[in-house]
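Let me begin by presenting the structure, written as structure tokens, before commenting on it.
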Amino acid sequence: MNIYFCGSIRGGRQDVNIYQRIVKQLQKYGKVLTEHVSYDSLSDKGEDAVLNGDKAIHDRDMKWLMMSDVIVAEVTQPSLGEGYELGRAMAMKKRVLCLFRPSSGKVLSAMIRRASSDPLFQTQDYTEDDVESILEKYFDSLNKN
Ligand SMILES: O=c1[nH]c(=O)n([C@H]2C[C@H](O)[C@@H](COP(=O)(O)O)O2)cc1CO
């Protein structure tokens, strides 16, 4: 199974430790195409510009998004790139799980919360302690369907 993980990069790297826990857990279920999102070494400047810079990042990520079977997004730290990826994933009719931590004191965008009336697009509130068990439940239920 190809898994696309979305997390904030230029939107701010405050939650990188939780991204690492999520990616580690996701690797039990399949190949995480966007493992780099969880790297400590990646700053809020983004990946080093390769030859085509941002265009190469965008085109590579859209190719990975298309190849993915499921998208998991940690959406607590707001990120324009994540919002874009999630909109594109919805348009591709991909299965999406968004994870949000209310304990952050933030209020999740209505554009993400509302989308959960679509059964393919789920948004779930969680606490940091529960992250692995939430993912386990979600992937268990996928395997049963
Ligand atoms: O360097 C990058 N590499 C990359 O893969 N992305 C993708 C993956 C992330 O889920 C998302 C983060 O967007 P943003 O940088 O706007 O927070 O965009 C984004 C950037 C920088 O915008």
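The values are calculated or read from the model by the stated rules, or taken from the named source; none is laboratory data. Fair warning: this is a prediction, and the values are worked out from it, not measured in the lab. Positions of Cβ are generated from backbone atoms using ideal geometry, with glycine treated the same way; all protein chains shown enter the neighbour counts. The accessibility values were calculated without ligands, DNA or RNA, using every heavy atom of the protein model including side chains. Shrake-Rupley method; radii C 1.70, N 1.55, O 1.52, S 1.80 Å.
Brief remarks follow.
- Some residue of region 91-110 being assigned to a helix (DSSP H, G or I), closer than 23 Å to VAL32 by Cβ, of a type outside the set (Ser, Thr, Tyr) and open to solvent by less than 70 Å² (accessible area, probe 1.4 Å): no
- The residues listed here are ARG21, ARG13; of these, the one that is of a type in the set (D, E, K, R), open to solvent by 20 Å² or more (accessible area, probe 1.4 Å) and part of a loop (DSSP other than H, G, I, E, B) is ARG13.
- Condition met for ARG113 (closer than 13 Å to CYS6 by Cβ, in a helix (DSSP H, G or I) and open to solvent by 70 Å² or more (accessible area, probe 1.4 Å)): no
- Test: ASP125 is open to solvent by 10 Å² or more (accessible area, probe 1.4 Å), within 27 Å of LYS144 (Cβ to Cβ) and acidic (Asp, Glu): yes
- Enumeration of residues in region 113-145 that are among the aliphatic types (A, V, I, L, M) and either at pLDDT below 95 or in contact with an Asp or Glu (Cβ under 9 Å, 6 or more places away or on another chain) (or both): ALA115, LEU120, VAL131, LEU142
- Of residues in region 24-59 being of a type in the set (Gly, Ala, Ser) and within 11 Å of the ligand (Cβ to nearest atom), the one surrounded by the most Cβ atoms within 10 Å (Cβ to Cβ): SER38
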